[in-house]
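Participant: Structure incoming, see below.
Just so it is clear, none of the values below were taken in a lab; they were calculated from the coordinates. Since this is a predicted model, take the numbers as computed values, not measurements. For neighbour counting, all protein chains shown are included, and Cβ atoms are generated from backbone atoms with ideal geometry for every residue, glycine included.
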Amino acid sequence: MQYSQIKPQRRHPDWFKIKLPSGDKFNKIQSLVKTNRLNTICEEAKCPNLSDCWSNGTATFLILGDVCTRYCAYCNVKTGKPIHFDKNEPKKIADAVKKLKLKYAVITSVTRDDLEDGGSLIYAETVNEIKKITSCKVEVLIPDFDFSALKTVIEAKPDVLGHNIEAVEPVFNKVRPKGNYKKSLELLENSKKIDGKIKTKSGLMVGFGETLEEIKKTMKELKNNNVDYLTIGQYLRPSIKHVKIEKYYTPDEFLELKRIGYEIGFENVETGPLVRSSYRADRLCNLLNKKSRI
């Protein structure tokens, strides 16, 4: 397949049109988030799928505050020195999951390099609280924790352990200057060493100037480190302060990436212009339930 050379422009191509927020389910989630003073990555990162996911009863909760200790050149979350976090967050989120009758919840966080354990204990407590009062499946999307912190989270028995690689290795340092490509791969591999049955997931963004061969290489490296689920989406620049978009991928190109992903051996692959790591993550629920019955 010959990849297109659609250059960035002032306006996004037509296939980036999104629905405006609406519906009873959307309004219920919005109200509950505000009432319980919860944060969602959907809002903080200005996710283009907020309307779609919330209207379908899916939300990704952001724990440990809304200020990140790192700056990533693609991310819209606030950076700086965090002041505190709500220690009652795990119970509040579990209560929200129960009230919304969610079948699948995603828990993520800002990176907290200021905390000795990186916030892993709060992750574990949140998973435990949700499991205690609901039958909801739980996915955690974690920062690049060290082995000890990773073990703390996995021992809480989340159904899916997610950690995003975000970019191919040649552009990684430009996109995630405080991250480490090899460390992220190692984390995903270590997850299976701690619990061989846990499902792992990673996400990749494209549009930073990478080549098709570099994308395929990253996909193969993720699979070689025992990643089960993969998402690939288009990078969209939050502001002029963030790294530039070097290329727009077409819907057909994303379909080709999905085909390649399944050919490499991932169990589930979601690709598309607006796909993000937690996009309609509830679709994994049926896959997980099917696996549990085997």
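Participant: Answer yes if at least one residue in segment 194-209 is farther than 30 Å from Lys137 by Cβ and without any contact (Cβ under 8 Å) to a residue 40 or more places away in the chain, and no otherwise.
Facilitator: At the first step, the residues of segment 194-209 found to be farther than 30 Å from Lys137 by Cβ are 207-209.
This time we only want the ones that are without any contact (Cβ under 8 Å) to a residue 40 or more places away in the chain, so: 209.
Within segment 194-209, one or more residues are farther than 30 Å from Lys137 by Cβ and without any contact (Cβ under 8 Å) to a residue 40 or more places away in the chain.
Participant: Quick one: which residue in Val127, Val77, Val97, Val140 is of a type in the set (Val, Ile, Thr) and closer than 28 Å to Lys220 by Cα? So that I can check it myself, show each step before the final result.
Facilitator: Details: Val127 fails: closer than 28 Å to Lys220 by Cα; Val77 fails: closer than 28 Å to Lys220 by Cα; Val97 fails: closer than 28 Å to Lys220 by Cα.
Sole residue among the options that is of a type in the set (Val, Ile, Thr) and closer than 28 Å to Lys220 by Cα: Val140.
Participant: Given the condition without any contact (Cβ under 8 Å) to a residue 40 or more places away in the chain, over 20 Å from Pro13 (Cβ atoms) and charged (D, E, K, R), answer yes or no: does some residue in segment 237-244 qualify?
Facilitator: yes
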